[in-house]
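J.: Quick one: structure below, then a few questions.
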Amino acid sequence: MPKRLTTLPPVLKALLAQFCGWGVVWLVGQLLPGGVWVLAFSQAIAATTVAALLRCARWWLPIHFVFTPLLFAVHMLGISPGVWLAAFVVFALVYWSSYRTQVPLFLTNRETSRAVAELLPPGSVEVLDAGCGIGSFLAAFAQQRRDARLTGIENAPAPFVLARLLTRRHPTITVIRGDFFARSWAEYDLVYAFLSPAPMLDVWEKARREMKPGSLLVSNSFEIPGVEPDRIIEVADRRRTRLFVFGMTGYHPNFGSFAKDFATSSAGYS
């Protein structure tokens, strides 16, 4: 397999694997007699094999294997095309650019919001939720820290609308639709990210480039490859959430001695 193909974006790898599978179906249909299920599973095996050769993530392989057989099975149910169109529209509004960003919709619980709020010193602080989803983190954080000014950025239309509705009674919360990479993080004392493994290196580079000394980057569940966190917090919730905390080095007057104390207390903590 040419190396340049293995470095394609995941969505292009998936499309290539499926198209190759359908090419095999055409060959099987030309050379061998067989029913619809022979063709379906021929496509599934071929697509899965190509995906493996393209070095797709392991969780893509079962998706490729079941995709076409399930497509054939559902087609036999005779469901109206309008139902599928409606489902497509709903998923598109919820997940929007997930095919490109590889960031699904995750919800933050109250225990995690409380743990993040406790990281900040008393006084007025600026907090950004990068990819805020429906605003669950923002709403819970605002109840915990009424002195904080919170900003959430969400790109997908449906979660953005829900976030605006969920946080409408909190005057300290602002929800913006857009790309959180396109907005400067320089003004924030804490940036919270509950994303996926895929963008974490880009998140780290942006934080290092823009965030002020003494501020904190907090990643829910996902580590930054090759970067040791200053602190790992185990949240006492049902999913056993882990928060990876990264302190931006230096001193900032809004935090007083907090940045220095945080760096000292975090040494060797996990």
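No lab work stands behind these numbers, since they all come straight from the coordinates. Computed from a predicted structure; not experimentally measured. Cβ coordinates were reconstructed from backbone atoms using ideal geometry, including for glycine residues, and neighbour counts include every protein chain displayed.
J.: Report P(r) for the range 124-250: all Cα-Cα distances, bin width 5 Å, range 0 to the bin holding the largest distance, values in whole percent.
T.: Once binned at 5 Å, the Cα pair distances of the range 124-250 give 2, 11, 21, 24, 22, 15, 5, 1, 0.
J.: Which values of log₁₀ I(q)/I(0), to two decimal places, follow from the Debye formula for the range 151-202 at q = 0.15, 0.31 Å⁻¹ with a uniform point scatterer at every Cα?
T.: So the normalised log intensities work out to -0.47, -1.32.
J.: Quote to one decimal, in nm, the extra length available between N109 and L85 on full extension: 0.36 nm per residue of separation minus the C-alpha distance between them.
T.: Stretched out fully, the N109 to L85 stretch lengthens by 5.4 nm.
J.: Could I ask something else about it? Calculate, in nm to one decimal, what I232 and R55 gain on full extension: separation in residues at 0.36 nm each, minus their alpha carbon distance.
T.: Extending this stretch completely gives an extra 60.6 nm.
J.: Say each of R169 and R4 gets a label point 7 Å from the Cα, pointing the same way as Cα to Cβ; how far apart are those two points in nm?
T.: 5.7 nm
J.: What Rg and what Dmax come out for the range 189-244 when only alpha-carbon atoms are used, in angstroms?
T.: Both quantities, over Cα of the range 189-244: 11.3, 35 Å.
J.: Follow-up. Magnitude of the Cβ-charge dipole of the range 125-218, K/R +1 and D/E -1, about the Cα centre, nearest 20 debye?
T.: Dipole size: approximately 280 debye.
J.: Do any chymotrypsin sites (Phe, Trp or Tyr not before Pro) in the range 1-81 lie in a loop, going by DSSP, with at most 10 other beta-carbon atoms within 10 Å of their beta carbon, and if so which?
T.: W59
J.: Once amide H atoms are placed 1.01 Å from N in the peptide plane, what residues at a sequence separation of 5 or more from S196, or on another chain, have their amide H within under 5 Å of its amide H?
T.: Residues meeting the criterion, in which the H sits 1.01 Å from N, do not exist here.
J.: What length, rounded to one decimal in nm, is gained on full extension from R208 through to R240, with 0.36 nm per residue of separation minus their alpha-carbon distance?
T.: 8.7 nm
J.: Using a 7 Å offset from the Cα along the Cα-to-Cβ direction at both L70 and D147, what is the distance between the two label points in nm, to one decimal?
T.: Once both label points are built, they end up 5.0 nm from each other.
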